[in-house]
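Read through the structure below, which is laid out as structure tokens, and then see the notes.
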Amino acid sequence: MTSVQPHQKARALKSSSRRPAKELCSECGLCDTYYIHYVKSACAFLNQQIADLEEQAHGRSRDLEQPNELYFGVHQSMIAARKQEPIAGAQWTGIVSSIAIAMLNQGWVEGVVCVQNTAVDRFQPQPIIAHTPAEILAARVNKPTLSPNLSVLEQIEQSGMKRLLVIGVGCQIQALRAVEKQLGLEKLYVLGTPCVDNVTRAGLQKFLDTTSRSPETVVYYEFMQDFRVHFKHEDGSTETVPFFGLKTNQLKDVFAPSCMSCFDYVNSLADLVVGYMGAPFGWQWIVVRNSTGQEMLNLVQDQLETQPVTSKGDRHNAVQQSIPAYDKGVTLPMWAAKLMGVAIERIGPKGLEYARFSIDSHFTRNYLYVKRQHPEKLDQHVPEFAKRIVSQYKLPD
Ligand code: FAD
Ligand code: SF4
């Protein structure tokens with residue numbers, strides 16, 4: 001039975017302008033609902049509690065002595081996969097949408113929290129609870145902006161729904177797990193994606209204007225395993241820009257402060273995670289965290305081509321060199337960036353080592369950000385696993 005009373009009392013607190021995490025708020029949507037009542041303990045940016053929530057979701061927290069768990073969190077298995085028949089217009093091959101559709105079609109859940117875009121703006125998120133496969137399909141592809149996915153939580157209790165799938169990124173899932181027991185559900189399934197470097201809608205425009213040759217026609221982009229950003233345009237053409245050619249000096253303040261202080265890149269609290277960064281180019285990377293996640297994956301197994309995950313190269317030098325370069329906002333001329341991109345693609349880290357490269361680069365950057373901008377938060381906010389990862393590198397003051 002759900003205890004409605006505290007939520008109703010909290011209605012008085014509800015206000016779209018109220019964000020206790022202030023500039024660190026990732027607009028996860030919790031504070032748009034009466035669950036704002038729980039914000040002090042639930043917000044990922046006010047109360048970092050990943051280890052405790054891992055225990056709650058998976059029955060144990062990650063084993064810090066186990067190298068893959070240190071990086072990728074609690075898991076039973078990892079594989080690379082792609083759909084035999086990819087979903088047109090999905091971010092990668094549409095494994096996320098396919099799992100959600102199968103769960104709905106087979107009656108495992110009554111609704112799916114996912115995010116469509118608004119009618120007027122391809123990149124403006126519009127969270128919904130989908131009740132049909134068509135609504136799930138309409139939510140395919142990333143909205144590469146902060147999205148208030150949890151803003152629909154009140155509708156769950158009001159509708160009397162008992163079995164729900166939520167698709168979301170790490171900060172949304174941390175807050176969701178923290179209030180899970182208040183939602184009155186019999187079963188909650190969580191399908192997560194990794195997430196990093198997200199932006200506000202205005203920040204996204206700056207990124208597109210600074211980086212793409214034709215910002216107004218971009219329909220999709222992804223930072224890919226070949227060390228390039230791939231933009232897809234309305235006419236179907238693809239544009240690639242090497243990471244090392246990004247105008248770091250102009251883009252330094254484009255990422256949301258929440259994402260500059262996030263250490264849950266791999267979505268530690270989802271049952272199942274579907275990303276790309278630990279898989280070969282063109283494939284998706286799947287992390288099964290618990291038996292619920294395995295059951296969810298089994299539902300679409302016959303639609304997938306799979307291969308084991310692999311790991312090649314050594315990321316450490318590349319990460320160490322990138323730390324002062326990013327810090328000083330060094331931007332290479334495009335010819336040099338392209339040359340460097342070709343070289344690193346040939347000899348650089350691949351598979352799980354690429355994922356570690358990306359985690360190390362972002363954790364060192366974010367650790368420095370929190371240390372400089374919010375020194376009083378550093379110790380509590382940075383999880384133990386991230387402290388260990390960062391300690392491999394020499395950081396500037
Ligand atoms: P699809 O079938 O196309 O479905 C995409 C799903 O994502 C939809 O169900 C939709 O509801 C959901 N979604 C879209 N936008 C958002 C949003 N803003 N917030 C929450 N949910 C959303 N993977 C990596 O391996 N490394 C990364 O660095 C990485 N960064 C990401 C950054 C962002 C902002 C997002 C949203 C995802 C990121 N991913 C990353 C995941 C990856 O890009 C794909 O989303 C994932 O592999 C699923 O692909 P798909 O084709 O199966 O998804
Ligand atoms: Fe509220 Fe979410 Fe922002 Fe935290 S991140 S202040 S829970 S909306």
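Any read-out appearing in this document is the output of simple, stated calculations on the displayed coordinates, not a laboratory observation. Only a predicted model underlies this, so the values are computations on that prediction, with no experimental measurement involved. Every residue, glycine among them, receives a Cβ derived from its backbone with ideal geometry; neighbour counts consider all protein chains shown.
In a reduced charge model with +1 at each Lys and Arg Cβ and -1 at each Asp and Glu Cβ, the stretch 145-199 shows a dipole moment near 200 debye about its Cα centre. Dividing the mean sequence gap of close Cα pairs (under 8 Å, 6+ apart) by how many residues the stretch 164-245 holds gives a relative contact order of 20 percent.
Simple spin-label estimate for Glu55 and Lys394 gives 3.9 nm between the two label positions (7 Å along the Cα-to-Cβ direction from each Cα). Legend: P(r) of the stretch 49-161 from all alpha carbon pair distances, 10 Å bins from 0, whole percents, reading 12, 30, 36, 20, 1.
Phi-derived couplings, Karplus 6.51 cos²θ - 1.76 cosθ + 1.60 at θ = phi - 60°, listed residue by residue for the stretch 376-391: 5, 9, 3, 5, 6, 7, 8, x, 4, 5, 6, 4, 5, 5, 5, 5 Hz, with x used for Gly and Pro. Entry note, the stretch 26-129: relative contact order of 9 percent, from Cα contacts under 8 Å with a spacing of 6+ residues.
Counted residue by residue at 0.36 nm each, then reduced by the alpha carbon distance between them, the extension gain from Leu339 to Gln76 reaches 90.8 nm. Given R0 = 41 Å, the distance between the Cβ atoms of Ser159 and Val219 translates into a calculated FRET efficiency of 0.80.
Other residues whose C-beta falls under 15 angstrom from the C-beta of Asp253 contribute a net charge of +2, scoring Lys and Arg +1 and Asp and Glu -1.
Percent relative contact order of the stretch 109-233, based on C-alpha pairs within less than 8 angstrom and at least six residues apart? Working shown, then result.
Numbers: 184 pairs, mean separation 27.4, N = 125.
Relative contact order for the stretch 109-233 comes out at 22 percent.
Sites listed here are GluC sites (Glu not before Pro) in the stretch 116-198 whose DSSP assignment is loop and whose Cβ has at most 12 other Cβ atoms within 10 Å: Glu186. Here the chain carries DSSP beta bridges of which approximately 75% are antiparallel, counting only pairs with both residues inside. Positive-end ranking of Pro127, Gln84, Val96 along the dipole of the stretch 47-128, with charges on Cβ about the Cα centre, is headed by Gln84. Peptides 106-113, 127-134 ranked from most to least packed give 106-113, 127-134, packing being the mean of other C-beta atoms within 10 angstrom over each peptide's residues.
In this structure, the residue pairs whose Cα-Cα separation is over 30 Å, taken from Lys143/Lys350; Lys40/Lys247; Lys312/Lys338, are Lys40/Lys247.
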